[in-house]
1. Could you tell me how far the Cα centroid of region 109-132 sits from the Cα centroid of region 65-88, in Å?
2. If the cut-off is a Cα-Cα distance under 12 Å, which aspartates and glutamates reach Lys93, setting aside same-chain residues fewer than 8 apart in sequence?
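Please treat every number below as a calculation from the coordinates, not as lab data. All figures in this text were calculated on a predicted structure; none of them were measured in a lab.
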Amino acid sequence: MKKIVFLSLVIALIIGSCTQQEVKSPVEGAWKIVSFNMPSMNMTFPGQVQGEQIKIWTKEYVAFVGQYKVDTTVTANYGWGTYTLNGNKYEEKVVLHADKPSIGKTIRILLDIRNDTLTQRYPADENWKLQEGYSTEKYVRVE
């Protein structure tokens with residue numbers, strides 16, 4: 001009888017430890033910007049733009065905050081919203097943004113994640129084709 005109870009406990013522990021954990025999205029976590037190229041604004045970072053920015057994804061939300069300096073002008077950049085990710089197709093629905101006209105918009109972005117580097121290219125049209133003069137941002141994962 002003791003063997004059956006012991007064996008039952010061992011089986012219960014094995015089954016309990018085999019429960020599936022929720023799969024985390026590859027974007028979840030904190031990322032620090034290392035470069036960007038925005039041809040529409042004729043801006044590159046690093047280069048004529050100095051500063052920094054952090055972008056953080058949770059299961060449902062995205063938020064970013066940063067500060068940039070061009071010549072002697074310092075500008076805050078911040079925002080948050082919700083997102084969906086399907087393969088490399090990412091849509092960000094802007095709830096709050098330092099650029100007020102961006103509020104309420106949905107931005108289609110192509111994402112590429114390789115090891116600890118995340119690259120965003122945007123804007124993409126409804127067919128996921130990048131528009132002329134698209135921007136590129138590169139981030140590295142923050143530990």
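1. Taking the Cα centre of region 109-132 as reference, the centre of region 65-88 is 15 Å away.
2. Result set, ordered by chain and number: Glu60.
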